[in-house]
1. Can you go through ILE367, ILE332, ILE318 and tell me which one is at pLDDT 95 or above, under 13 Å from VAL296 (Cα atoms) and of a type outside the set (Ser, Thr, Tyr)?
2. Six or more apart or on different chains, Cβ atoms under 6 Å: show the pairs whose first residue is in region 227-243 and farther than 19 Å from HIS36 by Cα and whose second is modelled with pLDDT of 95 or more and aliphatic (A, V, I, L, M).
3. Which is closer than 30 Å to ALA125 by Cβ, touching a residue at least 24 places away in the same chain (Cβ under 8 Å) and either in the same structural domain as VAL93 (by TED's automatic domain parsing) or not acidic (Asp, Glu) (or both), of PHE38, PHE8?
4. I'm checking my understanding of the structure. Among residues of region 310-331 that are among the β-branched types (Val, Ile, Thr) and not in a helix (DSSP H, G or I), which one is surrounded by the most Cβ atoms within 10 Å (Cβ to Cβ)?
5. Can you find a residue in region 41-50 that is closer than 12 Å to ASP241 by Cβ and either hydrophobic (A, V, I, L, M, F, W, C) or at pLDDT 95 or above (or both)?
6. Give the residue, chosen from ASP368, ASP334, that is part of a loop (DSSP other than H, G, I, E, B) and loosely packed, with under 14 Cβ neighbours inside 10 Å.
7. I'd like the full set of residues that are assigned to a loop (DSSP other than H, G, I, E, B) and without any contact (Cβ under 8 Å) to a residue 40 or more places away in the chain, limited to region 11-35.
8. Given (1) more than 15 Å from the chain's Cα centre (by Cα); (2) buried (at least 21 other Cβ atoms within 10 Å of the Cβ); (3) among the β-branched types (Val, Ile, Thr); (4) over 13 Å from LEU248 (Cα atoms), identify the lone condition not met by VAL48.
Amino acid sequence: MNYNIPLFDLNYGKEERKAVLDTLRSGWISTGPKCHEFETRFAEMLNVNHAVSLSSCTGALHLSLRILGIKEDDEVITPSLTFVATVNAIRYVNAIPVFCDIRSYNDLTVDPDSLEELITPNTKAIIVMHYAGFPCDMDKIMAIAHKYNLKVLEDACHGPLSEYKGRKLGTIGDLGCFSFFSNKNISTGEGGMLVTNNRQFYEKAVILRSHGMTSLSYERFKGHNTSYDVLDLGYNYRMDDLRAALGLAQLCKLKDDLLKRAEIRKRYVEKFSAIDGLIVPFKDYQGYVSNYIFPVLLVDSTAEKRDMTRKELHEKGIQSSVHYPAVHKFSIYDKGLNLPKTEYVSDNLITLPLYSQLKKRQVDYIIDSVRGLIS
């Protein structure tokens, strides 16, 4: 179906085309100087010591768990209201995901109090996911981690430049992971970044991302090394210079993009807050966030009513989505667990269009359409 208003639209233009063409003309398109530049710029943007470009955020999550020493039968506490990759990465290292509920219908991040109740002698790490770019309560979570000697991994795929008390998301825990999938704030098609302030973690990530090898092809091409050793069982999680070039062009647009998203969100919140039967999560939050998506939650609803509302929006030419189906209800992870707040949100949430190119008239059309359907 062709939508008059899609859920997301690429913020691409001549800058991205030039970046790719310049890289093609350079004669080097795999991991090389553009990846290094992208890593440097990204680390500077977050005020973090190290960044490692990767083929996906999934790869970043997997490598992070390897780096943290998470192994078979270790338990890792994770939200269920997240993209499934967050949880799949735990299984990649043969560890056990332990699902935690969210705080409330107004705050869709993981609940620190419920989290602490889930800790056992086998718990080794916590994964937090900063939903829509809004931060988890990192003070409480880091205090719990310190109390029980646990590692903290931040899934910050929704939150480039989002802040928690002046610190960038992804830089507070032991490791942070970002996504550059095509619908993210920074879009490279596929791609991810791992960030850390720990030098040893950084060096381990660099080794693991390319088959455990001690040098990359570009280093050998430049004459820095003529041979290499293999130190560990690594993976092919490398980013290429074409995607890094796109990422660099996108970084230049990010602050302006987030400013426009904030203006759109402000109008959404102002209008939707007055509609009975609708909850706007995080509506009172005043901090600096990426506004990756705009979710609304139907009150006293069911999954069937939500799906019908989405169908009617689609008939009006408005694309919507659901972020996310509850992971603990997928067949692969379903053990009969009950997470009531997560399940209600998963069944009754609608993600509405939010991107910097949205026009005021389009936003107002979305608002009027939702208001009409809810009333």
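1. That would be ILE367, the only listed residue that is at pLDDT 95 or above, under 13 Å from VAL296 (Cα atoms) and of a type outside the set (Ser, Thr, Tyr).
2. From residues that are farther than 19 Å from HIS36 by Cα, the pairs are LEU231/ILE207; ASP232/ILE207; GLY234/LEU208.
3. PHE38
4. The residue in question is ILE318.
5. no
6. After ruling out the rest, the residue left standing is ASP334.
7. Answer for region 11-35, where residues must be assigned to a loop (DSSP other than H, G, I, E, B) and without any contact (Cβ under 8 Å) to a residue 40 or more places away in the chain: GLY13, GLY27.
8. For VAL48, the failing item is (2).
The values are calculated or read from the model by the stated rules, or taken from the named source; none is laboratory data. Computed from a predicted model, the values in this text were never measured in an experiment. So basically every Cβ, Gly included, is an ideal-geometry build from the backbone, and we count neighbours across all protein chains shown.
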